[in-house]
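All remarks here apply to the structure that follows.
The values are calculated or read from the model by the stated rules, or taken from the named source; none is laboratory data. Predicted, not measured: the structure shown is a model, and the values here were computed from it. Note that each Cβ is placed from the backbone with ideal geometry, even for glycine, and that neighbours are counted across all protein chains shown. The area values use the complete protein model at the heavy-atom level, side chains included, leaving out ligands, DNA and RNA. Shrake-Rupley method; radii C 1.70, N 1.55, O 1.52, S 1.80 Å.
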Amino acid sequence: MCPDCEDFARTVLLLGQLALYADTIGADLDFVDAISPALAASLPEPPAVPGEES
């Protein structure tokens, strides 16, 4: 997997896990509110799809 693809996939996975955590009973929503914007801001550009022009 290309480095950009790996970074993008890992960040998307972390955002999804954070969303699931936010929906659990007893979740620390202050933590979610603090981390989610930073994690979203760190999301790299999606990797290019072979055969598609940007």
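Dipole size of the chain about its Cα centre, with +1 on Lys/Arg Cβ and -1 on Asp/Glu Cβ: approximately 140 debye, rounded to the nearest 20.
Axis angle, to the nearest 10 degrees, between helix 29-41 and the longest C-alpha principal axis of the chain: 10 degrees. In the set (i) 119; (ii) 136; (iii) 84, which value of volume of the Cα convex hull per residue in Å³ was calculated from the structure you see? Answer label, from the structure shown: (iii).
Each Cα pair under 8 Å and six or more residues apart adds its separation to the average, and for the chain the resulting relative contact order is 51 percent. For the chain, which whole-number percentage of the solvent-accessible area (1.4 Å probe, protein heavy atoms only) is attributable to carbon and sulfur atoms? Answer for the chain is 62 percent, counting heavy atoms of protein chains only. Full extension of the chain between L13 and I35 gives 6.5 nm of extra length, using 0.36 nm per residue less the Cα-Cα distance. With all protein chains kept in place, the per residue accessible area of the chain amounts to 80 square angstrom at a probe of 1.4 angstrom.
Of the residues A48, I35, C5, the one whose Cα sits farthest towards the positive end of the charge dipole of the chain is I35 (charges of +1 on Lys and Arg Cβ, -1 on Asp and Glu Cβ, taken about the Cα centre).
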